[in-house]
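What follows is a single structure, written as structure tokens, with notes after it.
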Amino acid sequence: MNSPESFLNVTGATAYLDDLPVSADCLFAVPIVSPCAHGRLKKIDIQDALLVDPELVFVTAKDIPGVNQIGETVADEPLLVEEEWTYQGQCLAILLSADRARARRAAQAVHIEHEVLPVITDPREAARKGYFIMPSRTMACGDIHKALSQCAFVVEGCVDSGAQEHIYLETQGAIAHLGGDGKMHITSSSQSPSQVQHVAARVLDLWMNEVEVEVLRLGGGFGGKEDQAALWASLAALGAYRTRKQVKLYLDRRSDIRYTGKRHPYSTDFRIGMDAQGKLLVFEAEYFQNSGACCDLSPAILSRSLFHATAAYHIPNVTVTGHMCRTNLPPFTAFRGFGAPQAYFVIESAMDALARSSGRDPIELRRNNLRQDGDVFHFGQKAESCRALSCFDRLNEMAHLSTVRKSIAESNARNPHIKHGLAVTPICFGVSFTKLQMNQGGSLVHVYHDGTVSVATGAVEMGQQVARKIQKIAATTLGIDESRIRVDSTRSSTVANTSPTAASTGSDINGMAAMLACEQIKQRLLQWAADNWKYEKSDLGINQDCLVHAGAATRIGWEELVAKAYVARIDLSAHGFYATPGLVYDAKKEWGAPFAYHVYGCAAVLVALDVVRGTYHFEKVWVVHDSGKSIDEKVDIGQIEGGIAQGLGWAALEDLCYDAQGKILTDNLATYKIPDIHFMPEIEIEFLSGVDNPRAVLHSKAIGEPPLLYGIAGYFAILDAVRAMDADPLAAVTGSGPLDIPERSTASGLYSIPMTSEKVLDLIETMSCRAAPLLAGKASRS
Amino acid sequence: MEEAQWFLANSTVVKFRKESLEPALDYIRETLGLKGTKEGCREGDCGACAVLLGKRDPHKKGSVRYDSVASCLLAMGALQGCHLVTIEGLAIPAPTLKDARYRYPIAEESFLGSNANMVTAGAVEAAAGIAGAATLGQAKAGSSKSGTPRETSPSTLPRLTPVMEAILEENASQCGFCTPGLVISLTAFLASKPITIEYGIEAIEGNICRCTGYGAIRRALERLVEQFCRLPEPGVERIDALVAENVLPESAARFARDENLLASSRLQMFMGSPASSGAEGGAGNGEARSEDIRPYGPNLFIAGGTDFFVQQPDPLGSLSSNQLDLVVLLDGRPELLGIHNDTARQLLDIGAATNVRDFFESPLVRQAFPGIAQAEELFASSLVRNRATLGGNLCNASSIADLSSMFIAMDAKLVIRGDTERTVAADKFFRGYKELDLLSSEILARILLPNKTAGVKFNFEKISKRKHLDIATVNTALCLEMDTHDGILPRIAHGRISAGGVAPVPILLSKTSALLEGAIVSRELVKQVCETASGEFSTISDIRGSASYRARIMRRLMAQHFVTLFPTMSMQEGTQ
């Protein structure tokens, strides 16, 4: 069965924020934003805007009754700029008008007098100047210097990865009004309603119990609405507070891309070394995270990068340092993977470089260094129930990789214009918020006396189908049919102090909280049934909508049981609470066990490279994934396929461009391209069989983020295909040579996400002169 | 009162009197209050706002098609005689989850009745000049007697169409924001295309989904292809079959058959004209019919609008009322349509308002330029091709318009019509950056393509960041007329090669083309072509690629033309 919400989706009946009815006197808010990346505000002139709409209301920082601050980790982000702004698109004011189109036109007529200040967009430059969000962090284990002397091969290099825009199809927005109950009511498109509540209360100088936040279904989030929804919700609330009218703020696509944060770009230096037998000994990395202008979630994202520095590999001697570099770009933020993809790309690039320079098979080299049970991560956690190798080997069988590699070699030898490439990426992803306090979740479950059930949790439904999983968890726990259960919207007065729906923990934490509440109600019902019908309670259960005694169904159905219990004044509501046990971490020593468990898996990507046009097409992806005992395989497959699409998009296609002045150049879907149906290859997925995970709800494993990492294999598949060329087959007719190729493309740009067609062509034409040593060093294949 | 323009919105006839530039998306969401059609990007690049556009060919009885188009790029004024179907028109939105879950069949009649009431009520307010104020939620049901149930016999419907069922069964809806558009595009596929996986993918290529990675969407498509592979050929018969299968609403069958819905329908409303102060019968040129369009005057001509709305996403707000009064919508005008084979002059005579899909699908065009069928998939998406016109693509004066490159290589002649008629060669039409050989009082009326009986080879190449639905970084077309009398080695009689994205305008590479005259196809020739071409363009850097990349990739595309057209020839030294 599908989740009932899907019926609404396919008929177009699902209401997203922009579809909600608004009151007749609702005002539409349009942000007035900074016109350049760094500047000092002198004056906002609204005279011309008043000509467009004489009735418009203009709200600035002076109108903020509380604290003009939305930063939650570090107080470095004003709701509205008072004097100096630090990125282009930062909010200076809002305009309110009764008509949305008029409000937008009026906003265009606003003139901003300002002074232009110097701009930094490059994280390394920011680091040189000492512009950091927070002190840098280092995690280390072993003895690097000693180990380096034992290495037979050592490779150093530089790795870059670019920003990625979320393109949740529903843009950011909120509707707010000050109710007749004296409460600020906010409907927000947010992954983090409690944060919206907290920030709005601070800005408006209200108590948290005076701000009600409700989140309906989101049209996609992917991390983009974790920290950054609070800004838009607070602006709408501020407008509603000042005008006493309902205020709606909903960004159009261009504004959303211009004003909001994206996945952090990273620039990283690495050194990796192994012994003569091909065992990794050393890994060092220094990550320059481009954090953007404000803190946002950068520290948490950096820590996840550091935790995932060695990916699925065991390396005994590790030193990794991360810098959070403050630049004049919009604050970069959470995006599915949350720092792990950037770190994965670094270690995978290092593995690639090592394989090529040592002549080892890149796939074998990876397999030989996979983490195993008992290995200790560089931050002290011991690997348990480690399935890196079993996923790798099952993938090899399932995809018939040796046959695939043979046919690739044959076709590459035959065809001068199309070269195939293959790469394998194993994953190992830690599940839990790295900030300990966030690993808690609550629920409120009501059984109504007609036998239907309402389950509310802190989980926000944004397409990941967490509601579907919670529905199944509740049905399984209560022993009743899923159709009786409705998973309700996330609302601050129903479940309080919720953690954001993020870090892949949505179903783990909230599902467990729902289960605990359902379990309480079930026990009360069974106790009452035992008392009432003179059974031993331990003999009773509920199964398939029926009271069960000693394993056999009784004639008492669920509805009767509930109705009678209600008459007997049994409490049919319960609150559930779950705090993930066993998490310990000493941030000073950077040592401990921050993760409840790890998700394992392995993927292979096959690509066809057209070496004449310099274009590529991903042909096939194989995945073996450890999902524990999956709660719903269809949902998990959807998460894996969707994650791979975003991963391949990030690695190869999605090219977000800023100019040197910090202005975004790709602010619409005509210039920022994300995967379409033609781009996506066939994906064959197998769940690792016979596996368990006692550490999560119903023995499942988190699914949201890990599959995105599989997309990284796409990058290395393209490199593999380029290396299959002997030379540029067109060199004879085009006369192209290395001199035509810009400097950046030859060596340092070898590991630079995204692998655009332009970069591919640079690599192809480089082949004709064997200029790049790493490219030329073709590994021998068995 | 003159005969009004009309269109069918789901099951309601809407009369209107103006060349309205209001995007259909806004009309649907704000005036009709139907929120199932989503705004995702407002530039035709995501498909979330897709609607079905039903059209009948007035000259061909029984010829009807339903296409998926982006409603953000669709002017209301272009809807004359069309059937606009939104997601709400396909299935009855389930009011509650309980209803949805158990899928109680309900009478279609009651829905149509109440819906008609609401729309009519909205129309009353719209006509009173408060356009945009009426939404379903606010409309007062029963304010008009015209909302009686339609005359067809009451029937019962399951709530979901098979397309919706397929998406549900395959779990192909995650966040759900793209889902209505996807349902629409899959429905259009079943209505108007051969039922194969390939055509199905083409039909939904303009629908971007950020959640699923398209795996489940493909599986839903496969399910539909299996279920519907035995449909009749596109046309009235197929529409009937799809109505019987509940893929299309009954209104589609009536639309396909009834020549005069306006007279037969009692469900009517008027659409106010936002451009003029009076709601009805506004002044200006709004009632221009085909014979009225001359003289053209200094008008704002729009043919399709797929570029126009990207530049003016809110034309009612951004254009002055004077400018709006100058709007003339050219698409659908009979004298600007059609692909005719002028055998006497050995020409294809093509109306400039012909849409891009019809051009690429035309057997005449495919015969005249073998290989052009492969170029279709590189042009935008099916959603855009269903609306974009040949003339619009040319007159947008972009240096990277795909058709400009093609027509220059084909040696097209453009027939320009103003007070008089004149002809311009396609490569002379583009005079400078965004500057055309076209007066504001003229329109591009027809395009004449040479139609040789044999020996023509054609190839189009395009490089973009994403292969499909993307704007070219560079493009180029090669059109060869082969010398058929020669022996073993292929010899070119005449050849023309064009390039886009390497100069302010799309250009004919004339020196390179001259090399081709009478040349024998060889690697040496390709080398000369690459070399000579490089001297004919200069490139700049922008977000789509650096100057160096443009120059280098263009050189390779010169070679790719020959790789494609002469696959046995090797480009590598030491080989034959």
**Item:** Failed item, numbered, when A:E170 is tested on (1) within 14 Å of chain B (Cβ to nearest Cβ); (2) within 30 Å of A:I347 (Cα to Cα)
**Value:** (2)
**Item:** Condition check for A:C386: touching a residue at least 12 places away in the same chain (Cβ under 8 Å), under 28 Å from the mean Cα position of the chain (by Cα) and not in a loop (DSSP other than H, G, I, E, B)
**Value:** no
**Fill in**
Residue hits (segment A:251-266; assigned to a strand (DSSP E or B) and surrounded by fewer than 24 Cβ atoms within 10 Å (Cβ to Cβ)) are none
**Item:** Members of segment B:22-56 found to be of a type in the set (D, E) and over 16 Å from the mean Cα position of the chain (by Cα), listed by number
**Value:** B:E22, B:D26, B:E30, B:E39
**Asked** on the phi > 0 side of the Ramachandran plot and free of Cβ contacts under 8 Å to residues at least 24 places away in the same chain, is that true of A:G130?
**Response** yes
**Message:** Among the numbered criteria (1) among the polar types (S, T, N, Q); (2) surrounded by 18 or more Cβ atoms within 10 Å (Cβ to Cβ); (3) out of contact with any Cys (no Cβ under 9 Å at 6 or more places or on another chain), which one does B:N459 miss?
**Reply:** (3)
**Fill in**
Within segment B:437-464, the residues that are assigned to a strand (DSSP E or B) and at pLDDT below 95 are B:I443
**Request:** Tell me, please, whether a residue that is surrounded by fewer than 17 Cβ atoms within 10 Å (Cβ to Cβ), out of contact with any Gly (no Cβ under 9 Å at 6 or more places or on another chain) and away from every other protein chain (no Cβ under 14 Å) can be found in segment A:12-29.
**Result:** no
**Fill in**
When every residue in segment B:206-245 that is surrounded by fewer than 22 Cβ atoms within 10 Å (Cβ to Cβ) and within 13 Å of chain A (Cβ to nearest Cβ) is compared, the one nearest to B:F189 (Cα to Cα) is B:E222
**Count of residues meeting criterion [within 30 Å of A:A496 (Cα to Cα) and of a type in the set (A, V, I, L, M, F, W, C)] in segment A:578-624** = 8
**Complete:** Scanning segment A:65-85 residue by residue, those more than 23 Å from A:H198 (Cβ to Cβ) and buried (at least 17 other Cβ atoms within 10 Å of the Cβ) turn out to be A:W85
**Request:** Answer yes or no as to whether A:N9 is over 15 Å from A:Q108 (Cα atoms), within 14 Å of chain B (Cβ to nearest Cβ) and not basic (K, R).
**Result:** yes
**Prompt:** Across segment A:579-631, what is the number of residues that are under 24 Å from the mean Cα position of the chain (by Cα), of a type outside the set (D, E, K, R) and surrounded by 20 or more Cβ atoms within 10 Å (Cβ to Cβ)?
**Reply:** 24
**Request:** Output the residues belonging to segment B:170-192 that are in contact with a Cys (Cβ under 7 Å, 6 or more places away or on another chain) and away from chain A (no Cβ under 11 Å).
**Result:** none
**Message:** Quick test of your reading of the structure: B:E481 fulfils all but one of (1) farther than 30 Å from A:R414 by Cβ; (2) touching a His at 6+ places or on another chain (Cβ under 8 Å); (3) within 9 Å of chain A (Cβ to nearest Cβ). Name the failing condition by number.
**Reply:** (3)
**Odd one out for B:L248 among (1) surrounded by 15 or more Cβ atoms within 10 Å (Cβ to Cβ); (2) out of contact with any Phe, Trp or Tyr (no Cβ under 8 Å at 6 or more places or on another chain); (3) at pLDDT 50 or above** = (2)
**Prompt:** So A:W650 clears everything in (1) under 26 Å from A:D361 (Cα atoms); (2) more than 13 Å from chain B (Cβ to nearest Cβ) except one condition, right? Which one?
**Reply:** (2)
**Item:** Hits in segment B:400-430 - residues which are at pLDDT 95 or above, of a type in the set (S, T, Y) and in a loop (DSSP other than H, G, I, E, B)
**Value:** none
**Prompt:** Identify, please: which residue in segment B:193-205 is assigned to a helix (DSSP H, G or I) and surrounded by fewer than 24 Cβ atoms within 10 Å (Cβ to Cβ) and is, among those, nearest to the other protein chains (Cβ to nearest Cβ)?
**Reply:** B:I201
**Fill in**
B:R387 vs (1) in a helix (DSSP H, G or I); (2) touching a strand residue (DSSP E or B) at 6+ places or on another chain (Cβ under 9 Å); (3) buried (at least 23 other Cβ atoms within 10 Å of the Cβ): all pass except (1)
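The rows are residues; the columns are (1) more than 7 Å from chain A (Cβ to nearest Cβ); (2) within 29 Å of A:A660 (Cβ to Cβ); (3) surrounded by fewer than 17 Cβ atoms within 10 Å (Cβ to Cβ); (4) within 35 Å of the chain's Cα centre (by Cα).
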{"residue": "B:L515", "(1), (2), (3), (4)": "yes, no, no, no"}
{"residue": "B:S522", "(1), (2), (3), (4)": "yes, no, yes, no"}
{"residue": "B:T532", "(1), (2), (3), (4)": "yes, no, no, no"}
{"residue": "B:E536", "(1), (2), (3), (4)": "yes, no, no, yes"}
{"residue": "B:I540", "(1), (2), (3), (4)": "yes, yes, yes, yes"}
{"residue": "B:R550", "(1), (2), (3), (4)": "yes, yes, no, yes"}
{"residue": "B:R556", "(1), (2), (3), (4)": "no, no, no, yes"}
{"residue": "B:Q560", "(1), (2), (3), (4)": "no, no, no, yes"}
**Asked** Mind checking which residues of segment B:393-411 are in contact with a helix residue (DSSP H, G or I) (Cβ under 8 Å, 6 or more places away or on another chain) and crowded, with 24+ Cβ neighbours inside 10 Å?
**Response** B:N393, B:L394, B:A401, B:D402, B:L403, B:S404, B:M406, B:F407, B:I408, B:M410
**Message:** Checking the conditions here, which among B:D342, B:D307, B:D331 is charged (D, E, K, R) and at pLDDT below 90?
**Reply:** B:D331
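The values are calculated or read from the model by the stated rules, or taken from the named source; none is laboratory data. As the structure is a prediction and not an experimental result, all values here were calculated from the model. Quick reminder, even Gly has a Cβ in these numbers, built from the backbone with ideal geometry, and neighbours come from all protein chains shown.
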